[in-house]
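Notes for the one structure printed next.
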Amino acid sequence: MRIATWNVNSINVRLAQVLAWSEAARPDVLALQETKVPDERFPRAPLEAAGWHVACHGQRAYNGVAILARAPLEDVATGIPGLHDDQARVLAATVGGVRVVCVYVPNGEAVGSDKYGYKLRWMEALRGWLREELARHPLLAVVGDFNVAPEPRDVHDPELWEGRVLYSEPERAAFRALLALGLCDTFRRFDQPEGSYSWWDYRMRAFQRNLGLRIDHILASPALCERCTACRIDRAPRGRERPSDHAPVVADFDLPT
DNA sequence: ATGGTTGTACGACAA
């Protein structure tokens with residue numbers, strides 16, 4: 001089973017790229033973030049015509065998540081139980097016996113801002129819920145845009161970024177707290193090229209200069225992590241015309257589809 | 001350099 005995640009920064013702008021990339025990369029599950037459409041305007045028909053089962057949870061203009069799967073999506077759920085949140089950031093579904101949680105963690109805007117506080121509270125609520133999800137689902141994947149670069153090697157210039165949003169110590173601690181539940185960062189289970197990032201700012205030709213951060217992740221429960229055989233970032237879509245500012249992350253698991 | 005670019009929706013706001 002191949003699971004991928006991609007912050008597409010508008011599903012309607014990126015629909016042709018999602019169809020073309022998924023045709024070539026052949027994920028069995030594709031989690032999307034920043035779809036930026038309410039569910040009634042999600043491009044369900046062209047995706048279903050391409051063979052996808054579709055679950056989506058969106059809103060006007062901002063946020064929005066979706067899960068595409070080759071097999072039927074079961075037990076679809078939205079949001080973090082017990083967290084009051086009017087932003088569409090979490091979607092979960094079971095596919096082929098694997099519980100897939102698609103997350104779009106708040107950006108946080110700037111350290112010390114109201115949105116930064118919301119981000120830290122949100123991540124703490126996520127942690128509490130995932131502890132329960134791990135107990136319920138031996139095969140659990142938590143994938144998406146976490147808006148946190150966990151380590152210095154995930155940042156093109158860690159000294160420049162130290163203390164800034166996406167790489168402040170409280171955010172890194174919140175990410176480590178997710179790993180402390182027993183989730184593994186599948187990307188770091190394997191040798192990776194130096195300078196591996198998943199997001200590059202649109203400005204200042206950041207992608208061409210590889211001024212990026214690795215903030216998109218595929219986390220796996222212990223039993224799922226044991227079956228992980230590969231994880232990589234596919235930079236190619238970021239270099240194409242009118243790209244998302246994020247690249248897809250892809251992980252393979254030794255599981256039947 | 002408080003800059004720069006993109007998406008949503010047509011003026012800011014979010015990232």
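Bear in mind that the values in this text are calculations on the coordinates, not laboratory data. Worth saying up front: this structure is predicted, and the values here are computed from it rather than measured. Glycine also receives a Cβ, built like all others from the backbone with ideal geometry; neighbour counts cover every protein chain displayed.
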Margin query: I need the trypsin sites (Lys or Arg not before Pro) found in the stretch A:4-109, filtered to DSSP loop residues with at most 15 other beta carbons within 10 Å of theirs.
Written below: A:Arg60
Next item on the list: State the dimensionless ratio Rg/Rh of the stretch A:132-188 (Rg: radius of gyration of Cα atoms; Rh: Kirkwood radius).
Entry: 1.03
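What does the convex hull of the Cα atoms of the stretch A:67-132 come to per residue, in Å³, rounded to a whole number? Write down the numbers at each step before the final one.
Details: hull volume 6.2 nm³, N = 66.
Dividing the Cα hull volume of the stretch A:67-132 by its residue count gives 93 Å³.
Tell me the mean residue ellipticity at 222 nm calculated for chain A from its helices only (DSSP H runs of n ≥ 4, each -39500 (n - 2.57), averaged over every residue, nearest 500).
On the way: 6 runs with 64 residues, N = 257.
Computed ellipticity for chain A at 222 nm equals -7500 deg cm²/dmol.
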Next item on the list: For chain A, restrict the atom set to alpha-carbon positions and state the Rg and Dmax in Å.
Entry: 16.7, 47
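Starting from the Cα coordinates of the stretch A:58-185, work out the convex hull volume and express it per residue in Å³. Intermediate values should be presented prior to the final figure.
Details: hull volume 15.9 nm³, N = 128.
Spelled out: Cα convex hull of the stretch A:58-185, divided by residues, is 124 Å³.
Only counting other Cβ atoms within 10 Å, I'd like A:Arg153, A:Arg2, A:Arg240, A:Arg136 sorted with the fewest neighbours first. Before the final figure, lay out each step's value.
Numbers: A:Arg153 14, A:Arg2 18, A:Arg240 11, A:Arg136 8.
Fewest-to-most Cβ neighbours within 10 Å comes out as A:Arg136, A:Arg240, A:Arg153, A:Arg2.
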Notebook entry, point to check: Cysteines of chain A lacking any other cysteine beta carbon under 4.7 Å?
Noted result: A:Cys56, A:Cys102, A:Cys228, A:Cys231
